[in-house]
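Below is one structure, written out as structure tokens; the observations come after it.
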Amino acid sequence: MTSSPPNLTDEDAQLVATLLSIAKSTRAFLALLLAQIDLHPGQDQLLARLTPGESVSVSALAEQLAVRPSTVSKMLDRLIEKDLVLRESNSRDARRTMVMLTAAGEAAKQRVRALWLRLDTELGNSLEDKERAAMLASLQQVDQLLSARLRRLR
């Protein structure tokens, strides 16, 4: 015997609708800011995950970004054209491709961090410190919940 889903009202789906709206608006606003420094959405996330002087595999980057390695490869092609990253074979395993920031990439990463801070400050300035802390804690809890569920589904 299966039970039918509960009758949901528009009010019941407000959290999802609000999170989707926030995500869409944040992404659009971020895209406009990234365009000012000649980057596209997603490229900022990739640069942020690279540490100067260290190389990381394409597969590790894909896992960190929760995208396919082919998506990372396309992003890398564009970042290589801008001389922001280098791609090379692993010295111990030629089948593994490694990625490293260039000096220009390090500078771009700093511009990304400044841009994120600017956006964070603009958003956060409209809230009291207590409200901001409570909202951040709630959003982090939602993020952890969604991430955990996604890991089980993949």
Put Ile80, Ile22 in order of accessible area, largest first, probe 1.4 Å, and you get Ile22, Ile80
Net charge near Leu145, counting Lys/Arg +1 and Asp/Glu -1 over other residues with Cβ under 14 Å of its Cβ?
-> +2
For Asp77 and Leu123, compute 0.36 nm times the residue count separating them, minus their Cα-Cα distance, and round to one decimal in nm.
-> 13.3 nm
Contour minus end-to-end for Ala28 and Arg113, with contour as 0.36 nm per residue of separation and end-to-end as the Cα-Cα distance?
-> 28.9 nm
Between beta-carbons, use under 12 Å as the cut-off and find the net charge around Ser89, counting Lys and Arg +1, Asp and Glu -1.
-> +2
With θ set to phi - 60° and the Karplus curve 6.51 cos²θ - 1.76 cosθ + 1.60, what are the ³J(HN,Hα) couplings of the range 136-150 in order, to the nearest whole Hz, using x for Gly and Pro?
-> 4, 4, 5, 5, 5, 5, 5, 4, 4, 4, 5, 4, 4, 5, 4
Keeping all protein chains in position, work out how much accessible area Asp38 exposes to a 1.4 Å probe, and write it in Å² to the nearest 10.
-> 100
Total formal charge among the other residues, if their Cβ is under 13 angstrom from that of Asp38, Lys/Arg +1 and Asp/Glu -1 = 0
Eligible lysines near Lys109 by straight Cα distance, threshold 24 Å, same-chain separation 8 or greater | Lys24, Lys74, Lys82
Go ahead and run the numbers for FRET between Arg49 and Gln14, Cβ-Cβ distance against an R0 of 35 Å, rounding to 0.05.
-> 0.60
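The values are calculated or read from the model by the stated rules, or taken from the named source; none is laboratory data. If you're wondering where the values come from, they're calculated on a predicted model, not measured in any experiment. Heads up, the Cβs are rebuilt from the backbone with ideal geometry, glycines too, and the neighbour counts pull from every protein chain shown. Just so you know, the surface numbers come from the protein's heavy atoms only, side chains and all, with ligands and any DNA or RNA stripped out. Shrake-Rupley method; radii C 1.70, N 1.55, O 1.52, S 1.80 Å.
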